[in-house]
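Notes to accompany the following structure.
The values are calculated or read from the model by the stated rules, or taken from the named source; none is laboratory data. Everything numeric here is computed off the predicted structure, so don't read it as measured data. Only protein heavy atoms, including side chains, enter the accessible area calculation; ligands, DNA and RNA are left aside. Shrake-Rupley method; radii C 1.70, N 1.55, O 1.52, S 1.80 Å.
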Amino acid sequence: MASSRLPNKPLADIAGLPMVVRVAQRALLSRAARVVVAADDARIIEACEAHGVQALLTRPDHASGSDRLAEACGQLGLDGGDCVVNVQGDEPLIDPQLIDAVAALLGNVPEASMGTAAHPIGGLEDLHNPNVVKVVCDAQGLAQYFSRAPIPFARDHAGQPWWNDPAALAGHAGFAPLRHVGIYSYRAGFLRQFPKLAPAPTEALEALEQLRALWHGHRIAVHVTHDAPGAGVDTPADLERVRALLG
């Protein structure tokens, strides 16, 4: 509710419904057994309940969305291998199939405690934009690192879109920098332990909560899609764009 760029963002009207309700409705189109909004403001809870969306009031002092979901898991009695997917409340265009794909990672990659998504970056502007989070994966599709910096850094092709240059790829056709999509799946047992993990130096420096998991040796599986998800709502301009699409 205290978003500096868009005050009262969760309740912003989009074609007659609060944005957070729009997001929940998209999530309900996935294969999820249950969709619950976890929020720290009673006004959000009231708006959800007025439109038939289950919602839980959580503490206002959580350091991250993962910490907030850990409290919600406790309230819901979720634990062990239950799969929980964190959909941000400002994603009214979220694809239900993306939710399903990120959830499926945990069944397909048993060594992963978390799952997330990414898509190939199109140009240099996004690669060098610190607001665009990048991820590098290993051969098994597990995250090696997330950063706001341009990773991987092409030493011999700096300042060039090297992933579009066959000569620069030198046999690594199809390899491209990946933009991280802010959706996560967790095993509920791990999620409930997440707040007890000491914050990581990398997490503080990059302001990226997922680095806490990597710092402590947990693995994060990455679903790579070639379709860029609909952008979230961070600014008044974003809100007007989504209103035009859904109005």
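For this structure, a couple of remarks:
- Taking every alpha-carbon pair within the chain, the share separated by more than 33 Å comes to 19 percent.
- Heavy-atom accessible area per residue - the chain, 1.4 Å, Å²: 49
- For residue 56, the residues whose amide H sits under 5 Å from its own are 37, 38, 39, ignoring neighbours fewer than 5 places away on the same chain, with H placed 1.01 Å from N.
- Our note on the geometry: Cα centres of the range 1-51 and the range 169-247, 20 Å apart.
- Whole-Hz ³J(HN,Hα) from phi, Karplus 6.51 cos²θ - 1.76 cosθ + 1.60, for the range 173-188, glycine and proline x: 4, x, 7, 8, x, 10, 8, 6, 9, x, 10, 10, 10, 9, 7, 4
- Counted over the chain, the DSSP beta bridges are approximately 70% antiparallel.
- Expressed as a whole percent, the accessible surface of the chain that belongs to carbon and sulfur atoms is 53, based on a 1.4 Å probe.
- Tail beyond 27 Å, pair distance distribution of the range 52-184 (Cα, percent): 32
- Per-residue HN-Hα couplings for the range 161-168 [Karplus 6.51, -1.76, 1.60; θ = phi - 60°; Hz; x = Gly/Pro]: x, 4, 6, 9, 10, x, 5, 5
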